[in-house]
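The values are calculated or read from the model by the stated rules, or taken from the named source; none is laboratory data. Not measured: the values here are computed from a predicted model. All Cβ positions, even for glycine, are placed from backbone atoms using ideal geometry, and neighbour counts span all protein chains on display.
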Amino acid sequence: MKRKIILITALLLLGIAAFLAVRSLTHGEHPSSASDAQLYTCGMHPQIVQDKPGDCPICGMKLQPVRKQPSSAQPAASEGERKIKYYKSTMLLGEISQTPRKDSMGMDMVPVYEDEAAETATIAVDPATIQTMGVRLGEVTTGPLRRAVRTVGVVDFDETALTDITTKFKGWIKKLYVDATGREVKKGEPLFETYSPEVYNAELEYASLTRSGNSPLAKTTLERLELLDVPGAHLEKLTQSGKASRAITMLSPANGVVIEKNAVAGMMFEPGMNLYRLADLSIVWIKAQIYEQDMPFVRLGQEARARIASLPGEVFAGRVTYVYPTLDPKTRTAQVRMEFHNPGLRLKPGMFTTVELESELTPSTLLVPESAVLRSGETTTVFVALDGGRFDPRNISIGLRDSSGNYQVLHGLAAGERVVTSAQFMLDSESQLREAIQKMLDPNAPPKPSAAEEHASMTSDSAPAQPAETPSTFVCPMPEHGNVEYEHGGKCPICSMTLIPGKATAAPVPTPAPTPTPSAHAPGNH
């Protein structure tokens, strides 16, 4: 009897337990403690998972808490539907496998799902890693493209302001008023006193003719003295007094500084002999050497700024007045002449100067920071920052570099986009690694286009295909300049006329395949 009671009691307990289990499965009841439990894992060995803090049994590192997902039921349901594309090593990023196994370091390889592998071009980085890497962003802007050419110049005399002091008659110097090189003289200031037998005899003849009343001959004699460049003050004294004078005082014809002095007291001079050379230093020239590749950025009338070491903080403004038409074959440089005002005569001929020439090439164009550009052979890449910590590697075409450290963007970017200016080499290595893995998995797959290329292809697909001719070169409309071809449009650098398309290449247009027509001798047509 006791056995029957025990058996019945056991059956009742089993039934109650089965009823409770079926009820919990029907209503989706799960133990709350299992879902809310905090798990811990190792950053180096993600396969180590524990429900309490501690140390990793493999490397001894402290276990880190696993971040909870906002919804645990949904990922669990979706993970069952996700397909595994391949497995990768957590230690060796280049090691992958199509089947689950251990990598060369003995670690279990983790799965990579198809939806994760599809986005090989775009790189996703969490905010903490972005801060650790030191990623900085810059913006693609629109502005003028200015190019500055910096070179070294030498201060020189203004050749148009040089004056040589000579005479048209033979004589002797009796007295020097300007007796030293480097002395500054004013126009009309006495230079030296001389005696000339030729001039003295002409004066005696003029005085005699004047007293005899022979005015025509006296006038001819006076004109002869004027042709000998006898000073006007001396001739005026002769006509008023009617008496000849042995001493002639020669005056300075211009302002300047004596840079050469050949006159000595008591010496005899011949007609045309250079006695003094004066230089007006109120305007000086600066001659600079410009490299061959910088010549397109130099033009007449361009503003120039000069600095000298002896006057720090001061900038002298001038203009380009002449570009010499020859090139030095040894240094591959051309000479450029600039004109500067020289207040206080602080620019002294022979001084070395630092010259800067700035020109505006384009009034408005797209500019990207130089630090954002990665060059790899013929490819130029930037990383465009997207929302959610994602970065898109994008190939672009760039033009000239301006003086502020920006490159002209010809294609591939839009104004306002943000680009990575720091730590982009890490992103580039990750992008190349993903591309290499994708090629290993599917060697025949074409490269995934970037977001900008996809947008451009969608736009081009929506428009009807029309045959078009793309100009490959541009030429000047002037016939004498038509032998020079240019790769880009703009202004002719010789005559400033707008360039016109030259040779044109027809863009290839796909030809639709002909629709096969049934043949009269095909079987079934009889």
(Q) Between a residue in segment 398-411 that is among the polar types (S, T, N, Q) and any residue that is surrounded by fewer than 15 Cβ atoms within 10 Å (Cβ to Cβ), which pairs come within a Cβ distance under 6 Å, given they are 6 or more apart or on different chains? (A) SER403/ALA148
Q | Members of segment 381-421 found to be at pLDDT below 85 and under 11 Å from PRO369 (Cα atoms), listed by number | A | ARG401, ASP402, SER404, GLY405
Q) Any residue at all in segment 137-154 that is more than 30 Å from ARG305 (Cβ to Cβ) and either within 51 Å of the chain's Cα centre (by Cα) or not assigned by TED's automatic domain parsing to the domain that holds VAL257 (or both)? A) yes
Q) Among (1) of a type in the set (A, V, I, L, M, F, W, C); (2) in contact with a Ser or Thr (Cβ under 9 Å, 6 or more places away or on another chain); (3) over 30 Å from LYS261 (Cα atoms), which single condition is VAL140 missing? A) (2)
Q.
Looking at the structure I just gave you, is LEU204 assigned to a loop (DSSP other than H, G, I, E, B) and surrounded by fewer than 15 Cβ atoms within 10 Å (Cβ to Cβ)?
A. no
(Q) Please go through (1) surrounded by fewer than 18 Cβ atoms within 10 Å (Cβ to Cβ); (2) in contact with a Pro (Cβ under 6 Å, 6 or more places away or on another chain); (3) not aromatic (Phe, Trp, Tyr) for MET133 and return the number of the only condition it doesn't satisfy. (A) (2)
Q. When segment 366-423 is examined, which residues are found to be among the acidic types (Asp, Glu) and loosely packed, with under 15 Cβ neighbours inside 10 Å?
A. GLU378, ASP387
Q.
Here is a list: LEU300, LEU278. Which entry is in a loop (DSSP other than H, G, I, E, B) and closer than 30 Å to VAL152 by Cβ?
A. LEU300
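I need the full set of residues from segment 260-317 which are within 23 Å of ARG150 (Cβ to Cβ) and free of Cβ contacts under 8 Å to residues at least 40 places away in the same chain, in order please. Break it down into steps so the answer makes sense when it comes.
Of segment 260-317, the ones within 23 Å of ARG150 (Cβ to Cβ) are 284-317.
GLN293, MET295, LEU300, GLY301, LEU311, PRO312, GLY313, GLU314, VAL315, PHE316, ALA317 - these are the residues of segment 260-317 that are within 23 Å of ARG150 (Cβ to Cβ) and free of Cβ contacts under 8 Å to residues at least 40 places away in the same chain.
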